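Trainee: Structure incoming, see below.
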Amino acid sequence: MKNLRLKSARAAKDLSQEALAQLVGVSRQTINAIEKGDYNPTIKLCIAICRVLGKTLDELFWEEEDPA
Amino acid sequence: MKHNLWWLAGALSGITVVLIVYLIKRVTHGKNKDFDERQTAARGKAFQYAFITTALGELLYVCLEAGGIVFADSSIGPLLPVLLGAAVFAVTAVANDAYLSLRESAKSAFLFPLLFLALNLLIGIPKLIDGKVIVDGLLTFDGINLIIAALFLILFAAIVIHWFQGSRGAGGEDE
């Protein structure tokens, strides 16, 4: 599942994938894979991304269960 | 005997060079990570594929040899599945953006395979012309440079294809 919240939080901070990748110490392709939902990051990387973007883990990575 | 000593000296020189390069890398880069967590996982998967390829290749080679189908002498035959495994590792790593570490530039990704390809062709082609590569219908150890050249050609092709796919949008920014 695509992580649009991460993408919009990154855009709100005016950061490119490359810039965010450098700030958290990963490759641009890794940020791209997370946003596309192709890769599930470790909690360590999630926290690093949250710190850079000023968001909580819930805001960026928590997936609400389908009420149905 | 003299031939064996030269072979041993060559092998020891190779191991020494690799050790020196590794130690220099350790000292200059310290414990800083080379690959991120996704790349490490992807490389682990690539290694798994390479290991299986090598194991199956060796099995096939032994079976063919037992069945009387011999296409290479014993100095190079068992090496072929190992080289095939290396190709599988490299191509899988390239396809998953896990070939280059975080510190390496894209330029080095293109440059090094080309350099090794050219060097091995430079050594291998004269041997082929001299008829040393295939003797009595068997591939000899003199063919190793051409095989390694083929390996780097595959790697270079994988890098170029992946780069073109990336520049056309796949894996690119903000899809």
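Trainee: Using only DSSP helix segments of four residues or longer, with each worth -39500 (n - 2.57), what per-residue ellipticity at 222 nm results for chain A after dividing by its residue count and rounding to 500? Walk me through the numbers on the way to the answer.
Mentor: On the way: 5 runs with 42 residues, N = 68.
Calculated from helices alone, the mean residue ellipticity at 222 nm is -17000 deg cm²/dmol.
Trainee: Answer rounded, prolate or oblate for the protein assembly as shown, using the Cα gyration tensor with square roots of eigenvalues a ≥ b ≥ c: rounded when a/c is under 1.5, else prolate when a/b is larger than b/c, else oblate.
Mentor: Values: a/c = 2.63, a/b = 2.20, b/c = 1.19.
Taking the square roots of the gyration eigenvalues as a ≥ b ≥ c, the protein assembly as shown is prolate.
Trainee: Top mean-square fluctuation among B:Leu79, B:Leu153, B:Leu23, Gaussian network model of chain B, C-alpha springs under 10 Å?
Mentor: Comparing B:Leu79, B:Leu153, B:Leu23 in the GNM, the peak value goes to B:Leu23.
Trainee: Summing both sides, how much accessible area is buried between A and B? Use a 1.4 Å probe and give Å² to the nearest 100. Each step should come with its number before you reach the end.
Mentor: On the way: alone 4840 and 12050 Å², together 15690 Å².
Heavy-atom accessible area buried at this interface is about 1200 Å².
Trainee: Here's something else I'd like to know. Over chain B, what relative contact order in percent results from Cα pairs under 8 Å that are six or more residues apart?
Mentor: Values: 146 pairs, mean separation 40.0, N = 175.
About 23 percent, as a whole number.
Trainee: Using the eigenvalues of the Cα gyration tensor, what equivalent ellipsoid semi-axes result for region B:15-155 when each is taken as the square root of five times the eigenvalue, whole Å, largest first?
Mentor: Numbers: eigenvalues 194, 79, 37 Å².
Here the semi-axes work out to 31, 20, 14 Å.
Trainee: While we're on this one: When chain B is modelled as a GNM with alpha-carbon springs shorter than 10 Å, which of B:Asp97, B:Asp34, B:Asp136 fluctuates the most?
Mentor: B:Asp136
Trainee: Please turn the phi angles of region A:10-26 into ³J(HN,Hα) values with the Karplus equation 6.51 cos²θ - 1.76 cosθ + 1.60 (θ = phi - 60°), one per residue in order, whole Hz, x for glycine and proline.
Mentor: Per residue, the Karplus-derived 3J(HN,Hα) values read 5, 5, 5, 8, 6, 10, 7, 4, 4, 5, 5, 4, 5, 5, 9, x, 10 Hz.
Trainee: Just to confirm, what accessible area per residue do you get for the protein assembly as shown at 1.4 Å probe, in whole Å²? Can you show the working numbers first?
Mentor: Working: 15690 Å² over 243 residues.
That works out to 65 Å² for each residue.
Trainee: Here is a further query. In 10 Å bins starting at zero, report the fraction of Cα pairs in region A:4-57 per bin as a rounded %.
Mentor: Result, from short to long distances: 26, 69, 5 percent.
Trainee: Considering only B:Ala46, B:Ala86, B:Ala11, give the residue with the highest GNM mean-square fluctuation for chain B, with springs between Cα atoms whenever their separation is below 10 Å.
Mentor: Of B:Ala46, B:Ala86, B:Ala11, the Gaussian network model singles out B:Ala11 as fluctuating most.
Trainee: Something else: How much accessible surface does A:Glu18 have with a 1.4 Å probe, in Å² rounded to 10?
Mentor: Counting only protein heavy atoms, A:Glu18 exposes about 80 Å² to solvent.
Trainee: Now for a different question. Could you tell me which of the pairs A:Lys55/B:Lys107; B:Lys45/B:Lys132; A:Lys44/B:Lys107; A:Lys2/B:Lys45; A:Lys36/B:Lys107; B:Lys45/B:Lys107 are separated by over 29 angstrom between their Cα atoms in the structure shown?
Mentor: On the way: A:Lys55/B:Lys107 36 Å; B:Lys45/B:Lys132 38 Å; A:Lys44/B:Lys107 31 Å; A:Lys2/B:Lys45 23 Å; A:Lys36/B:Lys107 27 Å; B:Lys45/B:Lys107 25 Å.
Distance filter (> 29 Å) returns A:Lys55/B:Lys107; B:Lys45/B:Lys132; A:Lys44/B:Lys107.
Trainee: Just need the relative contact order of region A:4-57 here, percent rounded to a whole number, with Cα pairs under 8 Å and 6+ apart. Intermediate results must be reported in sequence, preceding the final value.
Mentor: Values: 36 pairs, mean separation 16.8, N = 54.
The value is 31 percent.
Trainee: Between the alpha-carbon centers of region A:4-68 and region B:124-162, tell me the distance in whole angstrom.
Mentor: Their Cα centres are 45 Å away from one another.
Trainee: Here is a further query. Please enumerate, by chain and number, the aspartates and glutamates with C-alpha under 18 Å from the C-alpha of A:Lys7, excluding those fewer than 8 residues away in the same chain.
Mentor: Cα-Cα hits under 18 Å: A:Glu18, A:Glu35, A:Asp38, A:Asp58, A:Glu59, A:Glu63, A:Glu64, B:Glu173, B:Asp174, B:Glu175.
Trainee: Whenever you get a sec, compute what percent of the accessible area on chain B sits on carbon and sulfur atoms (1.4 Å probe).
Mentor: Working: 8390 of 11410 Å².
That fraction is 74 percent.
The values are calculated or read from the model by the stated rules, or taken from the named source; none is laboratory data. Nothing here was measured: the structure is a model prediction, and the numbers come from that model. Only protein heavy atoms, including side chains, enter the accessible area calculation; ligands, DNA and RNA are left aside. Shrake-Rupley method; radii C 1.70, N 1.55, O 1.52, S 1.80 Å.
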